[in-house]
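Notes follow once the structure below has been shown.
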Amino acid sequence: MIISASRIAISGALLALCAASIPASAQVITEQDRPNARPLDGDEIRPPAQRTDPVPQNTVPSKSVLPSIIAVLAHPDDEITIAPILARAARDGADVKLVFATSGNAGPAVSGMEPGDELANLREEEARCSAFALGLPEPTFWKLDDGKLSAKPRGSDSPSRQALAKTTELLTQNRPTVVMTWGPDGGYGHGDHRMISAVVTQSVQSMDNARPDLLYAAIPSGSRPNLPEFEAWATTAPDLVTDRLAYEIRDLEAARAAINCYSSQFSEDAREALPGLLHSQVWRGAVHFRLAFATPR
Ligand SMILES: [Zn+2]
């Protein structure tokens, strides 16, 4: 529970700051509401490597007690679904990394470009712009083939096996406390989203008991905008939403700047409208997640 406690710590830190800036109509829940969530414990929230050191008393939590987060996603712009909390965590001093399995070489969207390397280069630039807007370091790009993560899944060199090997190496080397990715729904069902979710899940479930908390991005039932563009988006029953991580308006503004980086993917009108729509209807002051693996009973 080292990781969960760390996340409570960061959630708790968000609490006081959000109350004044989020509309009263928004439901902002900043604490984890798992029934078996354990209370904060100074020993528990410390990284494993330092757990034998004395616990500092009456000090502001240092960076070492904040969660380290890696978001593993399929395409540049996937991070938008969780953007405010990435900005919030980074602003609070957490180590936050973005990893994209593909560079979006098959998704020209509104750019008018042909699929290929030039498009991938542009989308990587947009992702760097987004990461900068959110206060994150430069993302990692695995450059797997966009739209093909589910291709030839049993092949020895299949994209999914490559993604699995890369994920396991990433998690083993970095030992994050929290991993974020798509849920098994893939958001709106995109095959690459579903596969990266499955790959990350497979990697985390095989780790020892120091494994990170794996969080699936979730839209609680009743929060999906009643618009044709959102018709295919999956929802999650509210009682399965384990984590509601609050953000401030300035984090929403960071998300707005990140969204604005993706001119190849969204029209100007969409970039203008999306942040307000997500804030007022989907996020409502907190980004929602479902914990992948329950605590053993
Ligand atoms: Zn995507």
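The values are calculated or read from the model by the stated rules, or taken from the named source; none is laboratory data. Predicted, not measured: the structure shown is a model, and the values here were computed from it. Backbone-built Cβ (ideal geometry, glycine too); neighbour counts: all protein chains shown.
Please enumerate the residues belonging to segment 236-258 that are among the β-branched types (Val, Ile, Thr) and within 19 Å of Pro184 (Cα to Cα). Those that are among the β-branched types (Val, Ile, Thr) and within 19 Å of Pro184 (Cα to Cα): Thr236, Val241, Thr242.
Tally time: how many residues in segment 68-116 are assigned to a strand (DSSP E or B) and within 11 Å of the ligand (Cβ to nearest atom)?
Residues meeting the conditions: 4.
Taking (1) surrounded by fewer than 20 Cβ atoms within 10 Å (Cβ to Cβ); (2) closer than 19 Å to Lys97 by Cα; (3) not polar (S, T, N, Q) in turn, His193 satisfies each apart from (1). For segment 123-154, the set of residues classified as closer than 17 Å to Gln202 by Cα and either assigned to a helix (DSSP H, G or I) or at pLDDT below 95 (or both) consists of Pro153, Arg154, listed by residue number. Scan segment 175-207 for residues that are under 15 Å from Ala163 (Cβ atoms), within 14 Å of the ligand (Cβ to nearest atom), outside any helix (DSSP H, G or I) and touching a helix residue (DSSP H, G or I) at 6+ places or on another chain (Cβ under 7 Å) and the total you get is 2. Going through (1) part of a loop (DSSP other than H, G, I, E, B); (2) surrounded by fewer than 17 Cβ atoms within 10 Å (Cβ to Cβ); (3) more than 16 Å from the ligand (Cβ to nearest atom) one by one, Glu169 falls short only on (1).
All conditions but one from (1) surrounded by fewer than 24 Cβ atoms within 10 Å (Cβ to Cβ); (2) in contact with a Pro (Cβ under 9 Å, 6 or more places away or on another chain) apply to Arg91; the one that does not is (2).
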